[in-house]
Amino acid sequence: MTAFLKILLTPLVPVYALAVKIRNLFFDKSVFKSKTVNAKVVSAGNLTIGGSGKTPFVIYLTNLLKNSGYKPSVLSRGYGRNTKGYLLVSKDGEPLTKVQNCGDEIYHTVIECKVPAAVCENRFEGAKRLLKEVDSDIIVLDDGFQHRWIYRNLDIVLFDQKFLLDKSMVNQSLLPLGIMREGFASLNRADAIIINRKFCKEQNQNLTEQFRNFNKPVFTSYYKAISFVDMTRKTEHTLEEFEGQESLVISGIANPVSFLTVLIDVGVSTKNKIIFRDHKNYTIKEVQQIRKEFYQTNSHSVVTTEKDAVKLLQYSKEFDDIDIFYLKIALCMDDEESFKRYLSEKLN
């Protein structure tokens, strides 16, 4: 949405704000009631639209719970999928459906975590059906903060450090002017806050201070580049092996700037690139576009994100003469031991 169009829609902000306030009030006063399911529920969400690091955090959290003796499963809306309603994505840790049917985020999570997973717009109904089909004692809700119909044992809200640093009206305002689904006051119902600085090396200490009045624990996290992985062969290569390479960069994520930044940091040229919209569903048209650009730029390889790779993999035959690698990243907590203790205390 252009800045001009956002300004035109500014009069709708109070209407949206009132609707959000009334809905939350109905839940707070038990007019609307959250319903429990036969498992613990942990929500990873945010107050904004766009990337704040939810999927990498869901992967990190799910693996952490798995390693702590829980039997986690993941439930998502399945944003960008071409299906509706409930769909079981994984029962024993392997995908049961195509990425187009469930969405790239949950598909990526299943591949990384090897856990049961499902998608459903109605999180309560989705959780009930998931628990009937799989053996799980804790559900991780991907992007669940606004889905208040299901009771959760722990509500974690993530912020992108870049968002917090940008105080402009067209950023830190409610929709449709800004990118906020809810105002900062909604943090009163959160249990913990995480500030994710993506690939930024510097942690801004002042940002944690703005949440002091909410009396919530604030943790900080960051992305770490691990390696480059061959999309089809699944072989891993060190970051150093790609230093100085002229690759064609492909991105279809919400915030490609951070991806491009880390590629530059590890010495990969981003001069040749194709930037698609977030959650891009690739067709043969885009495959042909990538192939054409690859040969015209005389690129050494194609480098993309892991979320894009799970969708491009279906065109392995069309890319059999091109080496495609995705950048493997991991979310790291600055004080992981403190976060582990907090998680244990809240869930036990």
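Do we have Val134 as modelled with pLDDT of 95 or more, surrounded by 22 or more Cβ atoms within 10 Å (Cβ to Cβ) and of a type in the set (Val, Ile, Thr) here? Here the answer is no, as Val134 does not meet what is asked. Please find, within the stretch 19-48, the residue that is surrounded by the fewest Cβ atoms within 10 Å (Cβ to Cβ) out of those that are in contact with a strand residue (DSSP E or B) (Cβ under 7 Å, 6 or more places away or on another chain) and among the small types (Gly, Ala, Ser). The selected residue is Ser34.
If you go through the stretch 176-213 and keep only what is aromatic (Phe, Trp, Tyr), surrounded by 17 or more Cβ atoms within 10 Å (Cβ to Cβ) and at pLDDT 90 or above, you end up with just Phe211.
Taking the stretch 250-348 and the helices (runs of 4 or more DSSP H) fully enclosed by it, the elements with 2 or more residues that are farther than 26 Å from Asn101 by Cα and open to solvent by 60 Å² or more (accessible area, probe 1.4 Å) are at 256-265, 284-296, 336-347. Among residues of the stretch 142-172 being in contact (Cβ under 8 Å) with a residue 12 or more places away in the chain, aliphatic (A, V, I, L, M) and open to solvent by 10 Å² or more (accessible area, probe 1.4 Å), the one that is nearest to His108 (Cα to Cα) is Leu165. Number of residues in the stretch 142-179 that are β-branched (Val, Ile, Thr) and not in a strand (DSSP E or B) equals 2. Report, by residue number, each residue of the stretch 109-127 that is crowded, with 21+ Cβ neighbours inside 10 Å and under 19 Å from Glu306 (Cβ atoms). Thr109, Val110, Cys113, Val115, Ala117, Val119, listed by residue number.
Residues being open to solvent by 30 Å² or more (accessible area, probe 1.4 Å) and either of a type in the set (Gly, Ala, Ser) or not in a loop (DSSP other than H, G, I, E, B) (or both): count how many of those fall in the stretch 67-87. Counting residues in the stretch 67-87 that are open to solvent by 30 Å² or more (accessible area, probe 1.4 Å) and either of a type in the set (Gly, Ala, Ser) or not in a loop (DSSP other than H, G, I, E, B) (or both) gives 5. Checked against (1) in a helix (DSSP H, G or I); (2) without any contact (Cβ under 8 Å) to a residue 40 or more places away in the chain; (3) over 19 Å from the mean Cα position of the chain (by Cα), Thr97 passes all but condition (1).
So in the stretch 177-197, with the set limited to residues that are aliphatic (A, V, I, L, M) and touching a Ser or Thr at 6+ places or on another chain (Cβ under 8 Å), which one is farthest from Phe219 (Cα to Cα)? Step by step, filter the stretch 177-197, then rank; the result is Leu177.
Residues are listed down the side, and each one gets a yes or a no for (1) touching a helix residue (DSSP H, G or I) at 6+ places or on another chain (Cβ under 6 Å); (2) in contact (Cβ under 8 Å) with a residue 24 or more places away in the chain; (3) of a type outside the set (Val, Ile, Thr):
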{"site": "Val229", "(1), (2), (3)": "no, yes, no"}
{"site": "Thr232", "(1), (2), (3)": "no, yes, no"}
{"site": "His237", "(1), (2), (3)": "no, yes, yes"}
{"site": "Glu241", "(1), (2), (3)": "no, no, yes"}
{"site": "Val249", "(1), (2), (3)": "no, yes, no"}
{"site": "Gly252", "(1), (2), (3)": "yes, yes, yes"}
{"site": "Val266", "(1), (2), (3)": "yes, yes, no"}
{"site": "Thr270", "(1), (2), (3)": "yes, no, no"}
{"site": "Phe276", "(1), (2), (3)": "no, yes, yes"}
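Restricting attention to the stretch 282-305, the residues being closer than 30 Å to Leu64 by Cα and either at pLDDT below 95 or among the hydroxyl-bearing types (Ser, Thr, Tyr) (or both) number 2.
Taking the criterion of being farther than 13 Å from Ser76 by Cβ and β-branched (Val, Ile, Thr), the residues of the stretch 98-147 that qualify are Ile111, Val134, Ile138.
Being under 24 Å from Ser344 (Cβ atoms), open to solvent by less than 40 Å² (accessible area, probe 1.4 Å) and either in a loop (DSSP other than H, G, I, E, B) or modelled with pLDDT of 95 or more (or both) holds for only one residue in Ile106, Ile139, and it is Ile139. A search for C-beta distances below 6 Å between a residue of the stretch 39-57 that is part of a loop (DSSP other than H, G, I, E, B) and any residue that is open to solvent by 10 Å² or more (accessible area, probe 1.4 Å) and modelled with pLDDT under 95, counting only pairs 6+ apart in sequence or on different chains, returns Ile49/Ile179; Gly50/Ile179; Gly50/Ala254; Gly51/Ala254; Gly51/Asn255; Ser52/Asp160.
The values are calculated or read from the model by the stated rules, or taken from the named source; none is laboratory data. Please read all numbers here as calculations on a predicted model, not as lab measurements. Heads up, the Cβs are rebuilt from the backbone with ideal geometry, glycines too, and the neighbour counts pull from every protein chain shown. Areas reflect the complete protein model, heavy atoms only, side chains present, ligands, DNA and RNA absent. Shrake-Rupley method; radii C 1.70, N 1.55, O 1.52, S 1.80 Å.
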